[in-house]
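Everything on this sheet refers to the single structure shown next.
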Amino acid sequence: MTSPLSLADQITLELRADIIGGRLIPGMALIENNLVSAYNASRNTIREALHRLGQEGLTRYVRNKGVMVRRLGVDDVRDVFKVRRTLELQAILTSKPLSEYQSDRMLEALEAAELAREREDWRAVGTHGLAFHQHIVGLMRSPLLDEFFTNVVAQLRLVFCSAPDEARFQAPWLARDRQIHDLLAEGNKRAAHDELSLYLDDSEQLLLHLLTPANPH
């Protein structure tokens, strides 16, 4: 039996969800007084939640400014993708045949992303796309890995915010996500693994390109 979440736990989860949902973006200040009012919590509880987000690599303390949502750099992106390759590719290779429930959850994320694309809500497209990849890691049936990967997803969302043209950045991935699902549904794990491996290579290179200043020469 799991113990109930403390208020600091709940606030940490909600703030992390706001990052994944694109509602808190890099450089945004997390102001203690506002959070105390918003959550009807003590200052110590808010500080504990902010400290946890800092430990997760999602915020940082800036002198004279307070706690800010982090901007991630090139090294952070490389590290995030190292983790993604380890977990997502392993999840596909070691997974049992896709159950109807697992397939349905993946399809729900894909269909939500496609609806968001029709509305041109590119932030939501990214959020639902990330949910699809959380379901891939979910194939390993490990609550610990699911929790860990949620933090990775939050960091990834902070990198997405670097894209100057979110529509152009998000548009190519939906069809590729659906192809990965379809290969898994057909039981073709090797092809799904290879497609995801290429997908991660392309995604990492695009994000690194966005974060690397153009060479003036």
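The values are calculated or read from the model by the stated rules, or taken from the named source; none is laboratory data. Note that the structure is a prediction, hence the values are computed from the model and not measured. Here the Cβ positions follow ideal geometry from the backbone for every residue, glycine too, while neighbour counts run over all protein chains shown.
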I want to confirm something. Restricting to region 152-182 and keeping residues that are surrounded by fewer than 19 Cβ atoms within 10 Å (Cβ to Cβ) and polar (S, T, N, Q), which single residue is modelled with the highest pLDDT? Gln179
Would you be able to tell me the number of residues in region 54-64 that are surrounded by fewer than 17 Cβ atoms within 10 Å (Cβ to Cβ), out of contact with any Gly (no Cβ under 8 Å at 6 or more places or on another chain) and not in a helix (DSSP H, G or I)? 3
Please go through region 110-163 and give me each residue that is more than 21 Å from Thr94 (Cβ to Cβ) and either acidic (Asp, Glu) or not in a helix (DSSP H, G or I) (or both), ordered by number. Glu111, Glu114, Glu118, Arg119, Glu120, Asp121, Cys161, Ser162, Ala163
Filter region 125-138 down to the residues that are more than 12 Å from the chain's Cα centre (by Cα) and surrounded by fewer than 21 Cβ atoms within 10 Å (Cβ to Cβ) and list them by number. Gly138
Among the candidates Ile92, Ile46, Ile19, which residue alone is surrounded by 15 or more Cβ atoms within 10 Å (Cβ to Cβ), within 19 Å of Leu200 (Cα to Cα) and in contact with a helix residue (DSSP H, G or I) (Cβ under 7 Å, 6 or more places away or on another chain)? Ile92
Residue within region 93-116 that is closer than 28 Å to Gly57 by Cα and among the β-branched types (Val, Ile, Thr) present: no
Qualifying position, being surrounded by 19 or more Cβ atoms within 10 Å (Cβ to Cβ) and within 23 Å of Asp146 (Cα to Cα), among Val83, Val67, Val77: Val77
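Evaluate the following for Glu48: is it over 26 Å from Ile11 (Cα atoms) and of a type in the set (Asp, Glu)? It would help to see each step written out before you state the result.
Working: over 26 Å from Ile11 (Cα atoms): no; of a type in the set (Asp, Glu): yes.
The answer is no for Glu48.
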Hey, can you tell me all the residues within region 183-211 that are among the acidic types (Asp, Glu) and surrounded by fewer than 17 Cβ atoms within 10 Å (Cβ to Cβ)? Glu186, Asp194, Asp201, Asp202
Please identify the pairs in which a residue from region 154-165 that is under 15 Å from Leu200 (Cα atoms) has its Cβ atom under 9 Å from the Cβ atom of a residue that is of a type in the set (Phe, Trp, Tyr), counting only partners at least 6 apart or on another chain. Leu156/Phe81; Phe160/Phe169
Kindly provide the set of residues from region 3-15 that are in a helix (DSSP H, G or I), among the polar types (S, T, N, Q) and without any contact (Cβ under 8 Å) to a residue 40 or more places away in the chain, ordered by number. Gln10
Residues of region 16-45 that turn out to be without any contact (Cβ under 8 Å) to a residue 40 or more places away in the chain and under 18 Å from the mean Cα position of the chain (by Cα), as a count: 3
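Being polar (S, T, N, Q) and either in a loop (DSSP other than H, G, I, E, B) or within 30 Å of Ala116 (Cβ to Cβ) (or both), is that true of even one residue in region 45-53? Give the steps one after another, and end with the answer.
Just the residues of region 45-53 that are polar (S, T, N, Q), to begin with: 45.
Among the residues that remain, those that are also either in a loop (DSSP other than H, G, I, E, B) or within 30 Å of Ala116 (Cβ to Cβ) (or both) are: none.
Checking region 45-53: not a single residue is polar (S, T, N, Q) and either in a loop (DSSP other than H, G, I, E, B) or within 30 Å of Ala116 (Cβ to Cβ) (or both).
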